[in-house]
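The values are calculated or read from the model by the stated rules, or taken from the named source; none is laboratory data. These figures come from a predicted structure and were not determined experimentally. We place every Cβ from the backbone using ideal geometry, glycine too, and count neighbours over all the protein chains shown. Just so you know, the surface numbers come from the protein's heavy atoms only, side chains and all, with ligands and any DNA or RNA stripped out. Shrake-Rupley method; radii C 1.70, N 1.55, O 1.52, S 1.80 Å.
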Amino acid sequence: MSMTGQIATLLAYAEKYLGLRKRDELYARNRILDALGLASYGEEKAGEIPALPDEILGNIFAILEEEGREFDRASLGEKLMDAVMPRPSEFEEQFNALYQKSPETATEWAYRFAIASDYVKKSAIDRNLKWKSKNGKLEITINLSRPEKNNKDLKKQLQTASTDYPKCMICRENEGFERAGFSRRNMRTLSMELHGEEWFWQYSPYAYFNEHGIAISVEHTPMALNENTVEHLFDFVEKFPHYFIGNNAPLPRVGGSILMHNHYQGGGAVLPMQRAGALYTLKSKKYKSVTLGALDWYNTALRIEGRDRKEISALAHDICTAWEGYENPALDLISHTGDEKHNTASCIARKTKKGYILDLILRNNRTSEEYPDGIFHAHREYHHIKSESIGLIEAMGLFILPARLKRQLGEIKLYLSGAKKYSEDSLGEDMKIFVPTIERLTKQGTVSEKEAEDLLRDEVENSCENILSNTAVFKRGIGGETAFKEFLLSCGLRD
């Protein structure tokens, strides 16, 4: 099919999936021609319309490459999709009309639209390797769709105040923006008010779970945990009761990948920690309508439940305030080193028919000579599986592991099954971190391919469990459980 045929197919695709009106087709066609640097258009009918735009865009790119044209695939693809999409206000008007029917109907439509417009990279996401751990507690993904950032990058990012436009990668000014190596031409966002402030919602291009999105402050201010945080979260679940929402801890090493701009993550999933039960429950002397449970989970997490969101919010604020100043040197818990703050938390909100739920995960980002990457971070013996920050999503039991593991585990599988002879000297540089693992597993002798796969999955799952235990500020079995309960009782709670 010629370029004209591909353009006709893209227009037909947009009419079917993106709401392109017949009246706007000529205008959209001319915008496509401009993006492709073409000055004429032939007569050719559209071909079969695919379910995703990848095939059409790929065909257009192939024609351009045959012609010897140089271009950036990502940037051009977004320009082409933007040419056939409604403007942000039209997108938002359609969402608001559907919201009047139900919030769930509106978000389902918006997410399908984000996929159809190629903003959410469904084809790339589908390539990720996913499974549940044998014990059923964790969900694990080897992320083949996007790069992860290391802790040094995040600390530098937090300390650097950008004067560029937009100021960071999640500012609302990115909607429709493009510069070399970065484009958001096909992004569409949704306005909302949280606790009297302007925020907006957008879906994540590389979603980690169903309808994974980000609520972002219109104002470019750093991540924070304060008296407004839980109010923001509860306002959000009032608007979208079928979603959960939570904040990444606002400190390097224990926070997310973007710390210079306040935002929350959420969506239409129930993550593993949200299924965890309580080891014991406590009541508040001051806030009598709520119940608190210490969760049976790897890290230090608790759950506050009740019908009165104001009481839940007030108790959460009391606990977070007490935690920010808490110290227990015997457990390596120091709240501040000079001006650097170490204690923080993630809060995760849900709304149910019975009322409100707020989960808290207590975090500490202190380093030491023994643990230069973080005392309560993944310890070095597990860096072969993951060394990056353990943010909100992973702290809740959904692990996003680096793409390198697909190749590395594949190579180790060859050694374990005898398909390739193991020699430390022949290992590539990024395989040397696996030497202890390879030598431990090969001691069992040669195994079948299936047995090798099982051994490697066990290695990944055990490492993920241990990493979450590393992040626990009150650890089990070494006085941590007692200290945790004493801390909760000091916050005005009782058995």
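Between R380, R363, R309, which is within 30 Å of P436 (Cβ to Cβ) and over 22 Å from the mean Cα position of the chain (by Cα)?
Details: R363 fails: over 22 Å from the mean Cα position of the chain (by Cα); R309 fails: within 30 Å of P436 (Cβ to Cβ).
Of R380, R363, R309, the one residue that is within 30 Å of P436 (Cβ to Cβ) and over 22 Å from the mean Cα position of the chain (by Cα) is R380.
Kindly provide the set of residues from segment 61-75 that are touching a helix residue (DSSP H, G or I) at 6+ places or on another chain (Cβ under 7 Å) and modelled with pLDDT of 95 or more, ordered by number.
Going through segment 61-75, the residues touching a helix residue (DSSP H, G or I) at 6+ places or on another chain (Cβ under 7 Å) turn out to be 61, 63, 71, 73.
Once the filter is applied, which keeps residues that are touching a helix residue (DSSP H, G or I) at 6+ places or on another chain (Cβ under 7 Å) and modelled with pLDDT of 95 or more, segment 61-75 yields F61, I63.
Within segment 138-166, take every residue that is polar (S, T, N, Q) and assigned to a loop (DSSP other than H, G, I, E, B) and give me the one that is modelled with the highest pLDDT.
Of everything passing the filter in segment 138-166, N143 is modelled with the highest pLDDT.
Looking at this structure, is W131 assigned to a strand (DSSP E or B) and not hydroxyl-bearing (S, T, Y)? Lay out the reasoning, then the answer.
Working: assigned to a strand (DSSP E or B): yes; not hydroxyl-bearing (S, T, Y): yes.
Answer is yes for this residue.
Hey, can you tell me all the residues within segment 385-401 that are more than 21 Å from L295 (Cα to Cα) and either open to solvent by less than 10 Å² (accessible area, probe 1.4 Å) or more than 21 Å from the chain's Cα centre (by Cα) (or both)?
Our first condition is that a residue be more than 21 Å from L295 (Cα to Cα); within segment 385-401, this holds for 385-389, 400-401.
Residues satisfying the conditions are I385, K386, I400, L401.
Among the listed residues F209, F200, which satisfies the condition of being touching a Lys or Arg at 6+ places or on another chain (Cβ under 8 Å) and either assigned to a loop (DSSP other than H, G, I, E, B) or not charged (D, E, K, R) (or both)?
Values: F209 fails: touching a Lys or Arg at 6+ places or on another chain (Cβ under 8 Å).
One residue alone meets the criteria, F200.
Return the residues of segment 464-484 that are open to solvent by 20 Å² or more (accessible area, probe 1.4 Å) and among the aliphatic types (A, V, I, L, M); say none if nothing qualifies.
I478
Any idea which of (1) open to solvent by 30 Å² or more (accessible area, probe 1.4 Å); (2) touching a Lys or Arg at 6+ places or on another chain (Cβ under 8 Å) is the one G136 doesn't satisfy?
It fails just one condition, (2).
Go through segment 452-480 residue by residue and tally those that are in contact (Cβ under 8 Å) with a residue 12 or more places away in the chain, part of a helix (DSSP H, G or I) and not basic (K, R).
18
Would you say A224 is in a loop (DSSP other than H, G, I, E, B) and either buried (at least 22 other Cβ atoms within 10 Å of the Cβ) or of a type in the set (A, V, I, L, M) (or both)? Working first, answer last.
Details: in a loop (DSSP other than H, G, I, E, B): yes; either buried (at least 22 other Cβ atoms within 10 Å of the Cβ) or of a type in the set (A, V, I, L, M) (or both): yes.
Yes; evaluated as a whole, the condition is true for this residue.
Answer yes if at least one residue in segment 308-317 is in contact (Cβ under 8 Å) with a residue 40 or more places away in the chain, touching a Leu at 6+ places or on another chain (Cβ under 7 Å) and within 22 Å of N470 (Cα to Cα), and no otherwise.
Scanning segment 308-317 turns up no residue that is in contact (Cβ under 8 Å) with a residue 40 or more places away in the chain, touching a Leu at 6+ places or on another chain (Cβ under 7 Å) and within 22 Å of N470 (Cα to Cα).
Cβ-Cβ below 9 Å, separation at least six or inter-chain, first residue in segment 167-190 and farther than 23 Å from L18 by Cα, second charged (D, E, K, R) and assigned to a loop (DSSP other than H, G, I, E, B): which pairs?
M169/R184; R179/D164; A180/D72; G181/D72
Might you let me know whether segment 238-252 holds any residue that is open to solvent by 30 Å² or more (accessible area, probe 1.4 Å), modelled with pLDDT under 95 and of a type in the set (D, E, K, R)? So that I can check it myself, show each step before the final result.
At the first step, the residues of segment 238-252 found to be open to solvent by 30 Å² or more (accessible area, probe 1.4 Å) are 238-239, 241-242.
Filter once more, so that each one left must be modelled with pLDDT under 95: none.
No, segment 238-252 contains no residue that is open to solvent by 30 Å² or more (accessible area, probe 1.4 Å), modelled with pLDDT under 95 and of a type in the set (D, E, K, R).
Looking for whichever is under 19 Å from the mean Cα position of the chain (by Cα) and within 22 Å of P86 (Cβ to Cβ) here; the options are A224, A207. Which one fits? It would help to see each step written out before you state the result.
Working: A224 fails: within 22 Å of P86 (Cβ to Cβ).
None of the others qualify; the one that does is A207.
Please verify whether E461 is open to solvent by 10 Å² or more (accessible area, probe 1.4 Å), among the acidic types (D, E), within 21 Å of the chain's Cα centre (by Cα) and more than 30 Å from N262 (Cα to Cα), treating the condition exactly as stated.
Details: open to solvent by 10 Å² or more (accessible area, probe 1.4 Å): yes; among the acidic types (D, E): yes; within 21 Å of the chain's Cα centre (by Cα): yes; more than 30 Å from N262 (Cα to Cα): yes.
It is true that E461 is open to solvent by 10 Å² or more (accessible area, probe 1.4 Å), among the acidic types (D, E), within 21 Å of the chain's Cα centre (by Cα) and more than 30 Å from N262 (Cα to Cα).
Quick test for you: out of K353, K341, pick the one residue that is modelled with pLDDT of 95 or more and surrounded by fewer than 20 Cβ atoms within 10 Å (Cβ to Cβ).
Details: K353 fails: modelled with pLDDT of 95 or more.
After applying the criteria, what remains is K341.
E231 passes all but one of (1) under 17 Å from K167 (Cα atoms); (2) more than 19 Å from the chain's Cα centre (by Cα); which number fails?
Unmet condition: (1).
If I go through segment 167-197 residue by residue, how many of them are under 24 Å from H232 (Cα atoms) and assigned to a loop (DSSP other than H, G, I, E, B)?
Of all residues in segment 167-197, those under 24 Å from H232 (Cα atoms) come to 167-175, 187-197.
Keeping just the survivors that are assigned to a loop (DSSP other than H, G, I, E, B) gives 167-171, 175, 187-189, 195-196.
Within segment 167-197, residues that are under 24 Å from H232 (Cα atoms) and assigned to a loop (DSSP other than H, G, I, E, B) number 11.
Counting only residues that are of a type outside the set (D, E, K, R) and in contact with an Asp or Glu (Cβ under 8 Å, 6 or more places away or on another chain), which one in segment 55-82 is farthest from S183 (Cα to Cα)?
Our first condition is that a residue be of a type outside the set (D, E, K, R); within segment 55-82, this holds for 56-64, 68, 71, 74-77, 80-81.
Those left that are additionally in contact with an Asp or Glu (Cβ under 8 Å, 6 or more places away or on another chain): 57, 75, 77, 81.
Working: L57: 16, S75: 6, G77: 10, M81: 12 Å.
Per the criteria, the residue is L57.
Confirm whether I258 is at pLDDT below 95 and of a type in the set (A, V, I, L, M). Break it down stepwise before answering.
On the way: at pLDDT below 95: yes; of a type in the set (A, V, I, L, M): yes.
In short, yes.
Just for helices (runs of 4 or more DSSP H) wholly inside segment 60-128: which have at least 1 residues that are under 28 Å from T141 (Cα atoms) and open to solvent by less than 60 Å² (accessible area, probe 1.4 Å)? Show your work before the answer.
Values: elements: 73-83, 88-99, 103-116, 122-125.
Here the list reads 73-83, 103-116, 122-125.
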